[in-house]
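Down below is the structure, laid out as structure tokens.
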Amino acid sequence: MPTAKQKILVVRNDKIGDFMLAWPALKLLRHQLPEAEIHVLVPTYTHPLAQACPWVDQSILDPGPKAHKKQQKALIANLKSQGYDAALTLFSTWRTGRLLARAKVPLRVAPATKLAQLWYTHTLKQRRSRSEKPEWRYNLELAHFMLEAMGELVLPVNPPFWPLSREQRTQQKDWLQRQYALPKARPWFFLHTGSGGSAVNLDAYQYLELATALSQRLQGQPWWILTAGPDEEAQALWLQDQLLERDIEASVYPSKHGLSSFALSLSAADLFISGSTGLLHIAGALDVPTVGFYPGHKSATSLRWQTCNSERRTWAISPPEGGDTSDMHRIRPQDAALEITRYWEALAAAMPKDWHTSQK
């Protein structure tokens with residue numbers, strides 16, 4: 001295939017976190033095929049992030065499996081009219097495979113999963129359910145597999161997968177500092193207690209005790225920025241009140257200016273702490289140091305849903321072994337605070353050369 005006129009479609013039409021873990025694959029495609037036109041098929045709620053992605057030229061909205069037949073036919077007609085040379089499906093379903101086959105995309109690549117693989121021209125056996133590597137690396141493998149099928153000699157790509165310039169990061173820091181009168185000399189710890197309806201998470205009381213323990217342990221007390229998505233502001237306000245009663249300073253930062261703007265502002269964090277939610281994976285793509293809380297069951301391990309940070313910029317905490325590893329109440333905030341303190345101190349040792357502090 002001549003690379004100059006190629007059109008590539010990448011399908012990741014599920015949750016925000018899943019889409020963010022597709023960015024390494026998108027970066028690989030962009031770097032390997034700089035002249036190609038890269039589109040993504042996404043649902044409405046990840047559309048703003050697709051538009052913000054530096055590796056994507058256009059996003060196609062997927063009305064979803066429950067949409068009216070007219071909408072489904074319109075989607076097929078749209079995909080067919082685009083004249084794609086290849087399609088990469090990172091999470092395959094029967095419906096998705098059938099859509100691409102009916103759109104007559106000549107090269108269709110997907111994981112070799114169940115009956116859905118019958119709709120594709122090329123499939124790769126990955127056995128993701130074994131959780132032997134991070135999801136974003138499985139996605140990279142698939143992109144690598146497709147590029148090899150196209151005759152490309154594939155070169156590696158590295159974080160950050162959402163690169164921002166120093167000027168862009170400075171703008172985000174300055175905006176937040178003005179909005180919330182944040183102290184520039186103190187580290188900014190973003191804490192997201194919401195789950196987005198998908199992640200198994202700590203409860204609000206555990207997060208309260210965690211923030212308290214960290215504030216007591218750390219020499220340079222952090223300023224807590226409590227992020228809140230839709231319908232999550234009340235819990236963040238409760239946590240702020242509880243922290244203030246303990247003389248721990250915190251600000252509530254709700255998402256009120258759109259998802260893409262909110263996502264960019266996460267680049268101002270010195271550390272981002274949450275369960276395995278979409279926001280955690282946005283922070284990872286921005287290469288903000290992350291701490292994620294994960295259950296221990298096989299399909300949701302900390303390795304499988306690891307953020308796509310640079311090496312040593314991500315830390316994972318799960319319930320201890322020897323009991324129900326899916327019970328997040330078995331995570332003791334004091335123990336987690338000790339782990340995070342050690343992780344933060346290792347990060348802080350390198351901070352003079354790090355853009356998080358140097359740009360404040």
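Here the dipole of the chain is about 1480 debye; that uses its Cα centre as origin and unit charges on the Cβ of Lys and Arg (positive) and Asp and Glu (negative). Cross-link partners of Lys114 among lysines, defined as those whose alpha carbon lies under 22 angstrom from its own and excluding same-chain residues fewer than eight positions apart: Lys15, Lys66, Lys104, Lys125, Lys133, Lys298.
Rolling a 1.4 Å probe across all protein chains gives Cys53 an accessible area of roughly 0 Å². Across the options Ile282, Leu244, Ala346, the greatest Cα extent toward the positive end of the charge dipole of the chain (unit charges at beta carbon of Lys, Arg, Asp, Glu) belongs to Ile282.
How big is the charge dipole of the range 1-86 about its Cα centre, in debye rounded to the nearest 20, if each Lys and Arg gets +1 on its Cβ and each Asp and Glu gets -1 on its Cβ?
340 debye
With the cut-off at under 12 Å, measuring from each backbone N in the range 122-165 to a point 7 Å along the Cα-to-Cβ line of Ala112 picks out 122-127. Rounded to the nearest 10 degrees, the angle from helix 135-149 to the longest Cα principal axis of the chain is 30 degrees. Placing unit charges on the Cβ atoms only, positive for Lys and Arg and negative for Asp and Glu, gives the range 212-304 a dipole magnitude near 420 debye about its Cα centre.
For the range 1-91, applying the loop criterion from DSSP together with a ceiling of 12 other beta carbons within 10 Å to the trypsin sites (Lys or Arg not before Pro) yields Lys66.
Loop-located trypsin sites (Lys or Arg not before Pro) across the range 278-328 with a Cβ neighbour count of 10 or fewer within 10 Å are lacking, with loop assigned by DSSP.
Please arrange Asp14, Asp327 by accessible surface area, largest first, computed with a 1.4 Å probe and ligands excluded.
In descending accessible area the options line up as Asp327, Asp14.
Under the combined filter of DSSP loop state and at most 14 neighbouring Cβ atoms within 10 Å, the range 117-222 retains these trypsin sites (Lys or Arg not before Pro): Lys125, Arg127, Lys184.
Quick check: the distance between the Cα centres of the range 119-189 and the range 215-263, to the nearest angstrom? The distance from the Cα centre of the range 119-189 to that of the range 215-263 comes to 25 Å. Sorting Arg102, Arg332 by accessible area puts them as Arg332, Arg102; the probe is 1.4 Å, largest comes first, and only protein heavy atoms count.
For the range 212-227, backbone phi angles converted through the Karplus equation (6.51, -1.76, 1.60; θ = phi - 60°) give residue-by-residue couplings of 5, 5, 5, 4, 6, 7, 7, 5, x, 4, x, 9, 8, 10, 8, 7 Hz, Gly and Pro being listed as x. Per-residue accessible area (protein heavy atoms, 1.4 Å probe) orders Val291, Val157 as Val157, Val291, starting from the largest.
For Thr290, the accessible surface of its heavy atoms amounts to roughly 0 Å² (probe 1.4 Å, protein chains only, rounded to the nearest 10). Using a 1.4 Å probe, what is the accessible area per residue for the range 176-234, in Å²? Heavy-atom accessible area per residue stands at 44 Å². Rounded, prolate or oblate: which one fits the chain, using the alpha carbon gyration tensor with axes a ≥ b ≥ c (rounded when a/c is under 1.5, else prolate when a/b beats b/c, else oblate)? Verdict is prolate for the chain. Label-to-label distance for Arg102 and Glu245 is 5.6 nm, based on points extended 7 Å past Cα in the beta-carbon direction. Plainly put, the range 229-360 has a radius of gyration that is 0.96 times its Kirkwood radius, both from alpha-carbon atoms, as the Rg/Rh ratio.
Solvent-free Debye calculation, one equal scatterer per alpha-carbon of the range 142-262: log10 I(q)/I(0) at 0.11, 0.12, 0.18, 0.19 Å⁻¹ equals -0.52, -0.60, -1.02, -1.10.
The values are calculated or read from the model by the stated rules, or taken from the named source; none is laboratory data. Because the structure is predicted, anything quoted here is derived from the model rather than measured. Here Cβ is always computed from backbone atoms with ideal geometry, including for glycine, and neighbour counts include all displayed protein chains. Accessible surface areas use protein heavy atoms only, side chains included; no ligands, DNA or RNA. Shrake-Rupley method; radii C 1.70, N 1.55, O 1.52, S 1.80 Å.
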